[in-house]
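Below is one structure; the comments refer to it alone.
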Amino acid sequence: MLKILQYLKPFALMLVAVLGLLFAQAFAELTLPDYMSEIVNTGIQQGGIEESAPDVLSENGMRLMTSFMADDEKQLVEQSYQARSPQDDPTYLVGQSVTADGSLYVKKEVDEATQVKLSDAFGTAAWTFINIMREYAPAQSGEAEAVDLSQVDMNEVYQVLPMLDQLPGDAVSTARERAAQLPESIRLQSGAAFTKVFYDELGVDTGQIQSDFIAGKGGVMLVIALIGATAAILAGYFSSRIAAGMARNLRRDLFNKVEGFSLNEFNKFSTASLITRTTNDITQVQTFTTLAVRMLLLSPIMGIGGVIMALGKSSSMAWVIALAVLVIAGLLITVFLVALPKFKIMQKLIDKLNLVARESLSGMLVIRAFGTQKHEENRFDEANNDLTKTTYFINKVMMTMMPFMMMVMNGVSLLIVWVGAHQIEASTIQVGDMMAYIQYAMIIIMSFLFIAVIFVLIPRASVSAARISEVLETDLTVLDPAEARPFDEQKRGVVEFRDVDFHYQGAEEDVLHDISFTANPGEVTAFIGSTGSGKSTLINLIPRFYDASKGQVLVSGVDVREARQHDLREQIGYVPQKGVLFSGTIASNLRYGARDASDEQIEKVAEIAQAMDFIAGKEEGFETPVAEGGGNVSGGQKQRLSIARALAKEAPVYIFDDSFSALDFKTDTALRRALKPYTRKSTVLIVAQRVSTILHADQIIVLDEGRIVGKGTHEALMETCPTYREIAESQIGGQQA
């Protein structure tokens, strides 16, 4: 997994940008509930009045409030307010005129610290008045306890001012102590309610104040929401770019790694598995990265921020969030333990399904010839059902998690409302704070839900990442040398084996023993032997599909291990046992190893390979489309095109690995006759099963159980090599007939 994470390095700056955008998104989402709380608490409950200390109040109002203040608070108020006459300047508050019979007290310009002290002084005084009214005026207690003074006639309150002045000092002190024990927000809310009453008394349009406050806060919320949405969109865009770029680089490196595999490495992985790792596994990692870059970074920010903001609203309900977090954590751990083993099994089942599908599609003709369609359908159904059952189990686990999470979220909301209602009744929190607390709780729970989604994807992504890393970390057995040797032009095309032994990786016994021979330019060297004698294995050592276990293989005077693989293979025109064509056209296939080959050259090699007869018969000629894998040409045509492709390279060495087996004898003879003058300066190596193909070879090497048991011309071997004579006699008679 760590190796996969290294692929994020090229996107470091983009990751930093995403992190910044996620902070902006989190800030927006965490700020909105606070503004909503202000709209409820201040805009609705306080009528849009933010301060407990009024900007202007009547002489009677000032006398009422200061009668419940401490001496230092009275002194602060005297310093912060000045007496004015309404006739001097009737506009004192947000451009509105006020009316009063007597003097007015107008607040001076004060700094923020003084404003806080004034608000606290008026808020405490308001609750002191409320507590006294509860004690001495039970009939008024209901109104006072609800802090709803909208129906109170202040003239009636002012009439009892002389009586309030006669209250015992202990009564006022006790009421002030009880007021001081209340949360600051409650005191300020009641102070603002008194401020609204004072404004109403002076004829101020408090409805306009409320509308302006709600509209202002709502406008700010819209801007913040727009910022959050923009940040979320950009974060999603960049995270997708990061994941897609990472997947692109992974596919490129994985493909390049596989391209560098020798046959030893290919034997470790099936073709279906390599395809799955290059497609499905990388898709899993890409999906995980897209979500992880956003969710894994955003969720902790939102979760921690939500906790801080929620505790700022009310620390007394922290246990509700803690309980929800514990329940969710337990659920996540359970899901993780149940799902992880199944995710590992799922990727193997996908490999198996791909293998069965690939074999069925590539072997369709054989399947139909033997009438085994039902058997293949059963094989596919078995693999498909195994994958379906595992997927179904995982989906059931995931689906049970979601309703459980919703139940936790709804349960937490109900619990917060129930607890918050009691606290509102006890005047310890405000309604807006409780509503904001619910939203913060949802943010915290959703953060854990996002983390849950990530943790659910981690098992499958980690399995896929491990499978990708397994390929990327595979040690190549065929490597280029640190310093490559140039080929010797004096020995151009010479192929030499010196005491070569070879065994497959992990095998105990050699499959080739003491192989020594030299193949020179202008000569045809042929290899023949029974099935499994080592002919193709020997040939595969020349282009370094394998490396010899012992001895040396030299091409153009250089040990193949001392040359770069690309340079070595540029020396060789290779035709494999199985003709392989690529999707495109006939011309693009013939130019596959010689991109700059002219049309004349392409026609020439096609004639030598005896392919012109069927190419000319096609309406589009060399531009005839070739289907994937050469599915629209016959085996013989495919083999002839493969031979022509190799000849187009004009290489010093040509290897034909049993490349004439699909040709009829007439075409075989014509091809070899045309081939000889074309390759007169090249070394030709032919692996053959038919003696007729190699009758006129300059050197025939006979292999038996990995050893050379005969070497020479056809005539010489018929006299000196029983193995060759046995093969020849079993075939020549049949050919003559």
query = Among Ser447, Ser469, Ser462, which is the only one that is under 30 Å from Asn41 (Cβ atoms) and part of a helix (DSSP H, G or I)?
reply = Ser447
note = Checked region 694-705 for anything touching a helix residue (DSSP H, G or I) at 6+ places or on another chain (Cβ under 6 Å), open to solvent by 10 Å² or more (accessible area, probe 1.4 Å) and more than 17 Å from Gly522 (Cα to Cα); matches are Asp704
ask   = So how many residues does region 206-220 have that are touching a residue at least 60 places away in the same chain (Cβ under 8 Å), open to solvent by 30 Å² or more (accessible area, probe 1.4 Å) and over 12 Å from Ile49 (Cα atoms)?
value = 2
ask   = Within region 361-369, can one find any residue that is part of a helix (DSSP H, G or I), open to solvent by less than 20 Å² (accessible area, probe 1.4 Å) and among the small types (Gly, Ala, Ser)?
value = no
task = Scan region 411-452 residue by residue and report those that are within 30 Å of Ala292 (Cβ to Cβ) and either open to solvent by 20 Å² or more (accessible area, probe 1.4 Å) or without any contact (Cβ under 8 Å) to a residue 12 or more places away in the chain (or both).
result = Gly411, Ser413, Ile438, Gln439, Met442, Ile443, Met446, Phe448, Phe450, Ile451
inquiry  = So, Glu523, is that one over 27 Å from Ala688 (Cα atoms), over 43 Å from the mean Cα position of the chain (by Cα) and either of a type outside the set (Ser, Thr, Tyr) or open to solvent by 50 Å² or more (accessible area, probe 1.4 Å) (or both) or not?
reply    = no
ask   = Pairs, please: C-beta under 9 Å, at least 6 apart or cross-chain, first residue within 30 Å of Met409 (Cα to Cα) and in region 325-354, second among the polar types (S, T, N, Q) and open to solvent by 40 Å² or more (accessible area, probe 1.4 Å)?
value = Val335/Thr400; Leu340/Ser462; Lys342/Thr391; Phe343/Ser462
query = Pairs under 6 Å by beta carbon, first residue part of a helix (DSSP H, G or I) in region 111-136, partner of a type in the set (Asp, Glu), six or more apart or different chains?
reply = Ser119/Glu51; Ala121/Glu73
remark   = Apart from one, (1) over 38 Å from the mean Cα position of the chain (by Cα); (2) over 30 Å from Asp253 (Cα atoms) all hold for His503; the odd one out is (2)
ask   = Listed residues Val106, Val98; which is at pLDDT 85 or above, open to solvent by less than 30 Å² (accessible area, probe 1.4 Å) and over 30 Å from Asp170 (Cα atoms)?
value = Val106
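Is it the case, given these coordinates, that Phe255 is surrounded by fewer than 17 Cβ atoms within 10 Å (Cβ to Cβ) and not β-branched (Val, Ile, Thr)?
It is true that Phe255 is surrounded by fewer than 17 Cβ atoms within 10 Å (Cβ to Cβ) and not β-branched (Val, Ile, Thr).
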note = Exactly one of Lys352, Lys374 is part of a helix (DSSP H, G or I) and loosely packed, with under 12 Cβ neighbours inside 10 Å, and that residue is Lys374
key: Condition met for Glu29 (over 26 Å from Ile468 (Cα atoms) and either over 29 Å from the mean Cα position of the chain (by Cα) or among the polar types (S, T, N, Q) (or both))   = no
query = Filter region 10-68 for residues that are among the β-branched types (Val, Ile, Thr) and within 24 Å of Ala244 (Cα to Cα); which is surrounded by the most Cβ atoms within 10 Å (Cβ to Cβ)?
reply = Val18
request  = Specify which of the listed residues (Thr271, Thr195) is farther than 25 Å from Leu449 by Cα and touching a Lys or Arg at 6+ places or on another chain (Cβ under 9 Å).
outcome  = Thr271
query = Is it the case that region 308-320 has a residue that's within 32 Å of the chain's Cα centre (by Cα) and loosely packed, with under 13 Cβ neighbours inside 10 Å?
reply = yes
query = For region 671-696, how many residues meet the condition of being more than 18 Å from Gly593 (Cα to Cα) and assigned to a loop (DSSP other than H, G, I, E, B)?
reply = 7
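Just to be sure, is Glu726 within 22 Å of Val511 (Cβ to Cβ) and part of a helix (DSSP H, G or I)?
Yes.
Take the conditions touching a residue at least 40 places away in the same chain (Cβ under 8 Å), open to solvent by less than 10 Å² (accessible area, probe 1.4 Å) and of a type outside the set (Phe, Trp, Tyr) and apply them to Ile708. Does it pass?
In short, no.
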message = Quick check on Asp499: is it in contact with a strand residue (DSSP E or B) (Cβ under 9 Å, 6 or more places away or on another chain), free of Cβ contacts under 8 Å to residues at least 60 places away in the same chain and open to solvent by 80 Å² or more (accessible area, probe 1.4 Å)?
response = yes
task = Take region 526-559 and flag every residue that is of a type in the set (D, E, K, R) and open to solvent by less than 40 Å² (accessible area, probe 1.4 Å).
result = Lys535, Arg544, Asp547, Asp559
message = Pull out all pairs, ordered by first then second residue, where Cβ-Cβ is under 6 Å, the residues are six or more apart or on different chains, the first lies in region 221-245 and is closer than 25 Å to Phe288 by Cβ, and the second is open to solvent by 20 Å² or more (accessible area, probe 1.4 Å) and modelled with pLDDT of 95 or more.
response = none
inquiry  = Residues to consider are Thr400, Thr390; find the one that is under 33 Å from the mean Cα position of the chain (by Cα), of a type in the set (Ser, Thr, Tyr) and open to solvent by less than 30 Å² (accessible area, probe 1.4 Å).
reply    = Thr390
note = Exactly one of Arg690, Arg673 is modelled with pLDDT under 85 and either within 25 Å of Met718 (Cβ to Cβ) or open to solvent by less than 10 Å² (accessible area, probe 1.4 Å) (or both), and that residue is Arg690
message = modelled with pLDDT of 85 or more, assigned to a helix (DSSP H, G or I) and over 30 Å from Met346 (Cβ atoms): is that true of Val258 in this structure?
response = no
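Report whether or not Val408 is in a helix (DSSP H, G or I), surrounded by fewer than 18 Cβ atoms within 10 Å (Cβ to Cβ) and in contact with a helix residue (DSSP H, G or I) (Cβ under 9 Å, 6 or more places away or on another chain).
no
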In region 604-619, the residues that are within 50 Å of the chain's Cα centre (by Cα) and surrounded by fewer than 19 Cβ atoms within 10 Å (Cβ to Cβ) = Phe614, Lys618, Glu619
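Please tell me if Met302 is surrounded by 19 or more Cβ atoms within 10 Å (Cβ to Cβ) and over 17 Å from the mean Cα position of the chain (by Cα). Steps first, answer last, please.
On the way: surrounded by 19 or more Cβ atoms within 10 Å (Cβ to Cβ): yes; over 17 Å from the mean Cα position of the chain (by Cα): yes.
Yes; evaluated as a whole, the condition is true for this residue.
The values are calculated or read from the model by the stated rules, or taken from the named source; none is laboratory data. From a predicted model like this one, the values you see are computed outputs, not experimental measurements. Reconstructed Cβ throughout: ideal geometry from the backbone, glycine too, with neighbour counts over all protein chains shown. What goes into the accessible areas is simple: the full protein's heavy atoms, side chains included, and nothing from ligands, DNA or RNA. Shrake-Rupley method; radii C 1.70, N 1.55, O 1.52, S 1.80 Å.
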